[in-house]
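**Student:** The structure is given below, and queries will be raised subsequently.
The values are calculated or read from the model by the stated rules, or taken from the named source; none is laboratory data. Owing to the predicted nature of the structure, the values given are computational and were not obtained by experimental measurement. As a convention, Cβ positions derive from the backbone with ideal geometry for all residues, glycine included, and neighbour counts pool all protein chains shown.
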């Protein structure tokens with residue numbers, strides 16, 4: 001911006017010229033016409049020392065280039081920005097130029113909430129497509145940040161995650177399991193479905209149950225979503241499905257406490273799940289997306305799993321069995337071999353954090369130290385990842401007390 005083109009007055013004159021609200025100009029400045037840049041960053045247009053009153057969408061000299069003309073939404077002469085109401089709709093004005101944006105974009109409003117803007121600058125509501133996913137914006141054009149079952153602008157119902165993304169596949173909602181078609185995102189009813197080799201039936205209401213004689217161990221309906229990252233938190237990139245990464249928390253605390261910590265400190269580190277506290281599964285970062293638990297391996301791991309610690313033997317048996325079940329479930333889901341620490345970089349499989357440190361980056365050695373304190377050897381862990389847990393056999397090898 002050529003500063004010589006901007007209307008400028010001395011600090012003393014500015015104080016004399018404006019009220020605190022920036023809507024009146026002293027008589028001493030009745031000859032001034034143009035934009036005044038206030039200390040608070042606002043731009044106010046005055047004509048012969050006076051400002052307009054009320055809200056107007058009007059063509060004025062461009063703030064950056066007064067020789068050009070641009071359209072601005074003003075209130076008492078001050079150019080507005082962010083999300084604004086005008087003529088029965090909501091519109092988005094770029095905070096720097098104060099002009100209506102004219103391209104489809106995902107923006108952050110002045111209230112810190114997120115919005116979808118159409119190519120004419122209008123703030124959209126309902127279900128909208130953006131960067132390969134569908135998202136839901138409420139009647140005020142705000143991206144919702146809670147898990148909910150919502151009605152679209154065309155009258156169909158969809159399940160939305162706590163990040164505002166429309167969900168598909170097997171999903172937990174209000175204590176039951178449901179299946180949403182991966183193509184249409186609609187609830188499936190009166191149909192047998194198979195997911196990762198497991199057979200389910202969706203009844204007339206869409207509620208899903210496993211068909212008889214199916215192997216149990218882990219089901220997504222068990223997931224506790226209390227500490228799931230919300231809108232604007234975590235990484236929006238889809239992970240390349242090469243690895244399931246196995247961690248343990250590295251401190252004498254349980255699963256919920258660590259999930260809560262990761263939720264509140266996600267910008268430093270976060271993983272997909274934290275398992276523990278009696279076989280509970282807490283989701284932090286949604287499966288399939290990049291989480292931040294293993295440095296250079298992060299982009300290649302759709303799921304990273306932490307295990308909370310305990311000194312209680314019975315609880316450890318529950319926690320470990322569920323940890324293995326979650327790892328095996330998502331290995332099957334993403335087509336990743338149920339092998340442990342095999343090969344080098346690029347060899348698909350389940351990987352310990354120690355493998356990541358030895359082959360990619362970092363210095364962590366988990367989860368082996370904690371497992372060994374309970375009598376779980378590397379061979380035992382490899383066997384259980386390969387084959388699943390045999391509780392009788394596991395009970396025979398786990399120490400009576402943690403060492």
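**Student:** If we keep just the residues of the stretch 302-317 that are within 25 Å of the chain's Cα centre (by Cα) and part of a loop (DSSP other than H, G, I, E, B), which is surrounded by the fewest Cβ atoms within 10 Å (Cβ to Cβ)?
**Tutor:** Step by step, filter the stretch 302-317, then rank; the result is 302.
**Student:** So which helices (runs of 4 or more DSSP H) stay within the stretch 325-392 end to end and still have 3 or more residues that are modelled with pLDDT under 95?
**Tutor:** 378-387
**Student:** Moving on to the next point. Look at the stretch 172-201 and say how many of its residues are under 26 Å from the mean Cα position of the chain (by Cα) and within 17 Å of residue 221 (Cβ to Cβ).
**Tutor:** 13
**Student:** Within the stretch 64-78, take every residue that is free of Cβ contacts under 8 Å to residues at least 40 places away in the same chain and surrounded by 16 or more Cβ atoms within 10 Å (Cβ to Cβ) and give me the one that is farthest from residue 38 (Cα to Cα).
**Tutor:** Of everything passing the filter in the stretch 64-78, 70 is farthest from residue 38 (Cα to Cα).
**Student:** Among the residues of the stretch 123-139, write down those that are part of a loop (DSSP other than H, G, I, E, B) and surrounded by 13 or more Cβ atoms within 10 Å (Cβ to Cβ).
**Tutor:** Within the stretch 123-139, 124, 125, 138 meet the criteria.
Here is a yes/no grid of residues against (1) free of Cβ contacts under 8 Å to residues at least 24 places away in the same chain; (2) touching a strand residue (DSSP E or B) at 6+ places or on another chain (Cβ under 6 Å):
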| residue | (1), (2) |
| --- | --- |
| 151 | yes, yes |
| 172 | no, no |
| 203 | yes, no |
| 218 | no, no |
| 223 | no, yes |
| 230 | no, no |
| 245 | no, yes |
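**Student:** I would also like to ask the following. Please state which one of 392, 359 is out of contact with any strand residue (DSSP E or B) (no Cβ under 6 Å at 6 or more places or on another chain), surrounded by 15 or more Cβ atoms within 10 Å (Cβ to Cβ) and over 26 Å from residue 224 (Cα atoms).
**Tutor:** Of 392, 359, the one residue that is out of contact with any strand residue (DSSP E or B) (no Cβ under 6 Å at 6 or more places or on another chain), surrounded by 15 or more Cβ atoms within 10 Å (Cβ to Cβ) and over 26 Å from residue 224 (Cα atoms) is 359.
**Student:** Please count how many residues of the stretch 142-157 are under 18 Å from the mean Cα position of the chain (by Cα) and under 14 Å from residue 173 (Cβ atoms).
**Tutor:** Selection size over the stretch 142-157: 4.
**Student:** Can you spot a residue in the stretch 51-67 that is within 27 Å of the chain's Cα centre (by Cα) and in a loop (DSSP other than H, G, I, E, B)?
**Tutor:** The answer is no; no qualifying residue exists.
**Student:** Show me the strands (runs of 3 or more DSSP E) found entirely inside the stretch 73-119 where at least 1 residues are within 20 Å of the chain's Cα centre (by Cα).
**Tutor:** 105-108, 114-117
**Student:** Continuing with the same structure: Test residue 320 against the criterion of being in contact (Cβ under 8 Å) with a residue 60 or more places away in the chain, within 18 Å of residue 403 (Cα to Cα) and either in contact with a helix residue (DSSP H, G or I) (Cβ under 6 Å, 6 or more places away or on another chain) or in a helix (DSSP H, G or I) (or both), and give yes or no.
**Tutor:** yes
Yes or no, residue by residue, for (1) closer than 21 Å to residue 239 by Cβ; (2) in contact with a helix residue (DSSP H, G or I) (Cβ under 7 Å, 6 or more places away or on another chain):
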| position | (1), (2) |
| --- | --- |
| 325 | yes, no |
| 335 | yes, no |
| 338 | yes, yes |
| 352 | yes, yes |
| 357 | yes, no |
| 364 | yes, yes |
| 368 | no, yes |
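**Student:** Check off (1) crowded, with 17+ Cβ neighbours inside 10 Å; (2) under 16 Å from residue 304 (Cβ atoms); (3) touching a residue at least 60 places away in the same chain (Cβ under 8 Å) for residue 354 and give me the number that stays unchecked.
**Tutor:** (3)
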